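Here the structure is laid out as structure tokens; the discussion comes afterwards.
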Amino acid sequence: MNLILLGAPGAGKGTQAEILCERLNIPTISTGNMIREAMKSGTEMGLKAKEYAENGKLVPDEVVIGIVDERLRQDDCKNGFILDGFPRTIPQAEALDRMGITIDRVVDINVPDEVITRRVSGRRACLDCGSTYHIETKKPNVEGICDRCGSTLVQRKDDLPETVLERLHVYHAQTEPLRDYYAAAGKLLVVDGQQGIQEIAEQTLELLKG
Ligand code: ADP
Ligand code: ADP
Ligand code: ZN
């Protein structure tokens, strides 16, 4: 199953990807995580992306399309994959079509803007393994420490309030049109993202069976 998770920043794409990846036994490809890893290790792509990502802007299409194309060619994607955070623009979706990849389903996690600000302001991230937590709704077992890998959790720079507003603006202008794009292709499934984390996962798995 080739799956795309769509939704505003902070809608819960990464959280759902973690669950679905285990339940469906296919890898998650998170462009946000890949970009943050590149920024951290200071690669050429990371340096290029930093200005954009830290200011809540999208990294240029050609850069992101390049990294996704390369990643999808790897062997572990042969039986399916979950795209988290890609595509984010119509040109990115068109590039995916041109790669000759068939997308089976697109799950839109629907969350209103007011809820988004609360989710993102409480988000804590592990920059080593990509897991995300929340100070109220998804606490780690030990405060400030990643359950999965033991690294220290941080608040992402782009999760500070001004940058979140910019990211929401970018989302409405550039990413939301993808809903119509995939609805027109008969691939869109919408889930109510205001439910609990497990409820959303169960509802998604149920919809994917249909
Ligand atoms: P995205 O990948 O879409 O940006 P995340 O999966 O990182 O979103 O979720 C954003 C924040 O909200 C995280 O702190 C996460 O722990 C929390 N979160 C995710 N899903 C829910 C939910 N259904 N209810 C409450 N909090 C959630
Ligand atoms: P969130 O789900 O909270 O919006 P991500 O971790 O997916 O955050 O992305 C963080 C940042 O990485 C984005 O604001 C953007 O700068 C960059 N980025 C991630 N994916 C893409 C993409 N497909 N196209 C362009 N920029 C991207
Ligand atoms: Zn971790």
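Things worth noting here:
- Pairs where the first residue, in the range 158-170, is hydroxyl-bearing (Ser, Thr, Tyr) and the second is crowded, with 20+ Cβ neighbours inside 10 Å, C-beta under 8 Å, 6+ apart: Thr163/Gly56
For (1) closer than 20 Å to Ile200 by Cβ; (2) away from ligand 3 (no atom under 16 Å from the Cβ); (3) of a type in the set (S, T, N, Q); (4) more than 13 Å from the chain's Cα centre (by Cα), each residue gets a yes or a no:
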| site | (1), (2), (3), (4) |
| --- | --- |
| Lys13 | yes, yes, no, no |
| Ser30 | yes, no, yes, no |
| Glu37 | no, no, no, yes |
| Tyr52 | no, yes, no, yes |
| Lys57 | no, yes, no, yes |
| Asp61 | no, yes, no, yes |
| Arg73 | no, yes, no, yes |
| Ala93 | no, yes, no, yes |
| Arg98 | no, yes, no, yes |
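- Residue count for the range 4-62, restricted to those that are of a type in the set (Ser, Thr, Tyr), under 22 Å from Ser121 (Cβ atoms) and crowded, with 20+ Cβ neighbours inside 10 Å: 2.
- Members of the range 88-110 that are closer than 11 Å to Tyr181 by Cα and in a loop (DSSP other than H, G, I, E, B): Thr89
- Residue count for the range 121-165, restricted to those that are charged (D, E, K, R) and assigned to a loop (DSSP other than H, G, I, E, B): 7
- Odd one out for Leu165, checked against (1) within 13 Å of ligand 2 (Cβ to nearest atom); (2) surrounded by 15 or more Cβ atoms within 10 Å (Cβ to Cβ); (3) of a type in the set (A, V, I, L, M, F, W, C): (2)
- The lone exception for Tyr182 - which of (1) within 20 Å of Arg36 (Cα to Cα); (2) in contact with a strand residue (DSSP E or B) (Cβ under 6 Å, 6 or more places away or on another chain) it fails: (1)
Bear in mind these aren't lab numbers, they're just calculated from the coordinates by the rules spelled out. Everything quoted here is computed from the prediction, not taken from an experiment. Note that we place each Cβ from the backbone using ideal geometry, even for glycine, and neighbour counts take in every protein chain shown.
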